[in-house]
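Here's the structure we're looking at; comments come further down.
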Amino acid sequence: MKRDIREKLRPWLRALTNPHLLISLGIAWFLTNGWAYCAAGIGWYLDIPLLLKIGSVWLGILWMPGTPEKLFTFAVAMGILRLLFPDDTRTLAMIRRKSRQLKAHTKLAWQKLRARFSKSEPKDK
């Protein structure tokens, strides 16, 4: 059981610990989120109300339920990866392959769920 889980997680772990991807994710995270933490912290420490408010408002938006910021951050990271490391085709290919597999798995699960609900609905005629 544990071996199966390890075998499934190994390609993801190998890709996500790739230094090029980590650098790209770090830059993307700072561009989308990190600046707000810095702004709020500097605004609080140096008593700059405007900087504190701007950072706090953006952090409040980020922490709202359902905010798709991680998807946006990952998309920005992919752009940065392509820009900074254009020769790293292995990571990009693996991410594309895993993305296609995830989409196919999600589509299959959705079809099974729809079929289950359509069978369980009472048919009034």
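Suppose R0 equals 30 Å. What FRET efficiency, 1/(1 + (r/R0)^6) with r the Cβ-Cβ distance, do residue 110 and residue 13 give to the nearest 0.05?
Computed FRET efficiency for residue 110 and residue 13 comes out at 0.65.
With the chain treated as a Gaussian network of Cα nodes joined by springs under 10 Å, which of 64, 78, 94 yields the largest mean-square fluctuation?
Comparing 64, 78, 94 in a Gaussian network model of the chain, the most mobile one is 64.
What pairs in 2/107; 8/98; 98/119 have C-alpha atoms more than 20 Å from each other?
2/107; 98/119
Please list 72, 85, 30 in order of solvent-accessible area, largest first, computed with a 1.4 Å probe with all protein chains present.
Reading off the accessible areas and sorting them downward yields 72, 30, 85.
Residue separation times 0.36 nm, minus the C-alpha to C-alpha distance between residue 50 and residue 83: what's the value?
Result: 8.5 nm gained on full extension.
Considering every pair of different Cα atoms, what Kirkwood radius, in Å, is found for the range 53-125?
With all distinct Cα pairs of the range 53-125 included, I get 16.2 Å.
Just to be sure I understand: with springs between alpha-carbon atoms less than 10 Å apart, which residue in 114, 96, 14 has the highest mean-square fluctuation in the Gaussian network model of the chain?
With Cα springs under 10 Å in the chain, the top fluctuation among 114, 96, 14 is at 114.
How big is Rg to Rh over the chain, alpha-carbon atoms, Rh as the Kirkwood inverse-mean-distance radius?
For the chain, the value is 1.15.
If the chain between residue 6 and residue 119 were fully stretched, how many nm would it gain, using 0.36 nm times the residue separation less the Cα-Cα distance?
37.1 nm
With unit charges on the beta carbons (Lys and Arg positive, Asp and Glu negative) and the dipole taken about the Cα centre of the range 4-69, which residue among 5, 28, 41 sits farthest to the positive side?
After comparing all options, I get 5.
Using unit Cβ charges (K, R positive; D, E negative) and no other charged atoms, how large, in debye to the nearest 20, is the dipole of the range 8-125 about its Cα centre?
The dipole of the range 8-125 has a size of about 1200 debye.
How many percent of the accessible area of the chain is carbon or sulfur, using a 1.4 Å probe?
Accessible surface attributable to carbon and sulfur in the chain totals 68 percent.
Which whole-angstrom value gives the distance between the alpha carbon centres of the range 65-125 and the range 1-54?
Cα centroid to Cα centroid, the span is 20 Å.
From the alpha carbon gyration tensor of the range 1-44, can you work out the equivalent ellipsoid semi-axes (sqrt of 5 times each eigenvalue) and give them in Å, largest to smallest?
The equivalent ellipsoid of the range 1-44 has semi-axes of 34, 13, 6 Å.
Along the charge dipole of the range 57-112, which of 59, 81, 101 sits closest to the positive end, that is, farthest toward it, with unit charges on the beta carbon of Lys, Arg, Asp and Glu (+1, +1, -1, -1)?
So the residue we want is 101.
Calculate the spin-label point distance for residue 64 paired with residue 20, positioning each point 7 Å from the Cα along the beta-carbon direction, and give it in nanometres.
3.6 nm
Which whole-number value in Å² is the accessible area per residue of the chain, probe 1.4 Å?
Here the per-residue accessible area is 82 Å².
The values are calculated or read from the model by the stated rules, or taken from the named source; none is laboratory data. Worth saying up front: this structure is predicted, and the values here are computed from it rather than measured. Every residue, glycine as well, gets a Cβ built from its backbone with ideal geometry; the counts of neighbours run over all protein chains shown. Calculation scope for accessible area: heavy atoms of the full protein, side chains included, ligands and nucleic acids excluded. Shrake-Rupley method; radii C 1.70, N 1.55, O 1.52, S 1.80 Å.
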